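Have a look at the structure below before the remarks.
Rule-based calculations on the coordinates, nothing more; no lab input. The shown structure was predicted, so the numbers you read here are calculated from the model rather than taken from an experiment. Please note: Cβ atoms are built from the backbone with ideal geometry, for glycine as well, and neighbour counts cover all protein chains shown.
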Amino acid sequence: MRQKKDKLLGITNCTVHIMADTQMITKNNNLAETDEIADLLSSLPKEKSWRSGYVYRYQGFWCPEKQVPAVIAFQKHFLAQKTDTIIVTMPKSGTTWLKALAFSIMNRAKYTPSSSPLNSVNPHDLVPFCEYGLYANNQIPDLSTFPSPRMFATHLPYPSLPDSIKDSGCRVVYLCRNPFDNFISMWHFLSKARDESLGPLSLEDCFDGFCNGLGGFGPFFDHVLGYWRESLKRPNEVLFLTFEDMKEDINSQMKRLAEFLGCPFSLEEEVDGVVEGISKMCSFGNLKDKEINKTGRFHPYFENKTFFRKGEVGDWVNYITPEMVDRLNKIMEQKLAGSGLKFKTG
Ligand code: PAP
């Protein structure tokens, strides 16, 4: 029955494995419900979350309450393989887009744009998050049936990645976005996704918190700089991409990505328009209009449509006052000083 349904949806083996594994959890050692986690949480600084509950300052970053046990399980149990690819972002940096692109590039021998699972599956179900799907509630997923090369995603900052990711030589693809657009995208998302009982989310309060380093998996600049520095040290293992470069010239960024993933586009593929075919397939306009992205859910957290708003660079000018721009520019200048990293903001 399931097979029949998957066939109808155009999902073939590889996808079925991935989707099934996000659900096929073999063990749950219930750390989420133990005194151990309660003790840990009570020892950590906390702030009210902009969405629901609290965020805790765990290992120097702000971790949503429910994700703390998942992060611990991920750090404790995840065993990276050299052939793995880990997609990393700050939330709202273009994660959904990068997952779609990386999946399509890696699986292009199996799927053409018209047979792609992306026609009926949200990118988050093709490349699962470790701290949301796989290890949620401290479950220990059975990853043995994931087809190799495996692909996972996380929002964790570099220092908090499981050791095996840092030591195995697997590939890490990091995507960041200028802090102005990142902030505005986050604010819109939180405004939709937050508990109704909390009332509207003030742009000014949210901005103040962001400038002070608040926000899931932030501080923003620590997150970005952690991966930036690592990409300079280990360019063959950590690829640093920006949303702005991707918007400016998606095809050349896709070629960089394919090369890094060990499956460069051949001349023949380029001539045949394979690069353009994938970039069109993964474009904002195309994905946003898929039924699954209009009506589906990223279980059990959000509606898929919340991952598709505008998908542009520079939308922040419509929301942020000159004083706010000045404040964030000063922070950015100070944080990025000497790093060699610069953001394009519009
Ligand atoms: P996540 O980290 O919670 O998974 P993420 O996908 O990083 O979310 O962020 C969503 C942003 O990416 C939205 O930006 P916006 O609010 O400024 O519009 C969303 O529109 C944008 N986005 C999603 N898919 C694409 C795409 N295919 N191309 C460009 N931007 C996209």
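Amide H to amide H under 5 Å from R297: which residues, 5+ apart in sequence or cross-chain, H placed 1.01 Å off N in plane?
N304
May I ask which residue of N318, P123, F183 lies farthest towards the positive end of the charge dipole of the chain, with charges of +1 (Lys, Arg) and -1 (Asp, Glu) on Cβ and the Cα centre as origin?
With unit charges placed on the Cβ atoms, the residue in question is P123.
Treat each spin label as a single point 7 Å out from the Cα along the C-beta direction, and report the S197 to E65 distance in nm.
1.0 nm
Starting from 0.36 nm per residue, how many nanometres of slack lie between D222 and V271 once their C-alpha separation is accounted for?
Values: separation 49, 0.36 × 49 = 17.64 nm, distance 4.09 nm.
Gain on stretching D222 to V271: 13.5 nm.
Out of the chymotrypsin sites (Phe, Trp or Tyr not before Pro) in segment 285-346, which ones are loop residues according to DSSP with at most 16 other C-beta atoms within 10 Å?
Numbers: sites: F298, Y301, F302, F307, F308, W316, Y319, F343; in loops: Y301, F308, Y319, F343.
Here the chymotrypsin sites (Phe, Trp or Tyr not before Pro) that fit, given the DSSP loop and packing criteria, are Y301, Y319.
Please list, by residue number, every one of the trypsin sites (Lys or Arg not before Pro) in segment 254-321 that is coil in DSSP and has at most 16 other beta-carbon atoms within 10 Å.
R309, K310
Note the full-extension length gain between N318 and L41 as 0.36 nm times their separation in residues minus their Cα-Cα distance, in nm to one decimal. All intermediate terms of the calculation are to be shown ahead of the outcome.
Details: separation 277, 0.36 × 277 = 99.72 nm, distance 3.82 nm.
Value of the extension gain: 95.9 nm.
Take every DSSP beta bridge with both residues inside the chain and express the antiparallel ones as a percent of the total, to the nearest 5.
Numbers: 12 of 27 bridges.
Percent antiparallel among DSSP bridges in the chain is about 45.
For segment 2-336, what's the relative contact order in percent, using C-alpha pairs closer than 8 Å and at least 6 residues apart? Walk me through the numbers before you get to the answer.
Numbers: 471 pairs, mean separation 75.8, N = 335.
Reported as a whole number, the value is 23 percent.
For the chain, what is the charge dipole size about the Cα centre, in debye to the nearest 20, if Lys and Arg each add +1 at the Cβ and Asp and Glu each add -1 at the Cβ?
Numbers: 41 positive and 41 negative charges, 110 e Å.
Computed charge dipole of the chain: roughly 540 debye.
Can you show me the helix-derived [θ] at 222 nm for the chain, built from DSSP H runs with n ≥ 4 at -39,500 (n - 2.57) apiece and divided by the number of residues, rounded to the nearest 500. Spell out each step's value before the answer.
Details: 17 runs with 153 residues, N = 346.
The helix-only estimate for the chain comes to -12500 deg cm²/dmol at 222 nm.
If you count, for each residue, the other Cβ atoms within 10 Å and average over each peptide, how do 174-182, 243-251 line up from highest to lowest? Walk me through the intermediate numbers first.
Numbers: 174-182: 24.8, 243-251: 17.6.
Averaged packing, sorted descending, gives the order 174-182, 243-251.
Rounded if a/c is under 1.5, else prolate if a/b is larger than b/c, else oblate: which is segment 2-336, with a ≥ b ≥ c the root eigenvalues of its Cα gyration tensor? Mind showing how you got there, number by number?
Values: a/c = 1.44, a/b = 1.18, b/c = 1.22.
Rounded is the answer for segment 2-336, as its axis ratio a/c remains below 1.5.
Hull surface divided by four, with the convex hull built on the Cα atoms of segment 287-346: how many nm²?
Working: hull surface 24.9 nm².
Taking the Cα atoms of segment 287-346, their convex hull projects to 6.2 nm² on average.
What aspartates and glutamates could a cross-link reach from K76, if we take a straight Cα to Cα line under 15 Å and drop same-chain neighbours fewer than 8 places away?
Here the aspartates and glutamates satisfying the reach criterion relative to K76 are E36, E131, D142, D163, D167.
Name the residue from M332, L79, T145 whose Cα lies farthest towards the positive end of the charge dipole of the chain, charges +1 on Cβ of Lys and Arg and -1 on Cβ of Asp and Glu.
Result: T145.
Once fully extended, how much extra length lies between E303 and E333, figured as 0.36 nm per residue of separation less the alpha-carbon to alpha-carbon distance? Don't jump to the answer; show the numbers that get you there.
Details: separation 30, 0.36 × 30 = 10.80 nm, distance 3.57 nm.
The E303-E333 span can extend by a further 7.2 nm.
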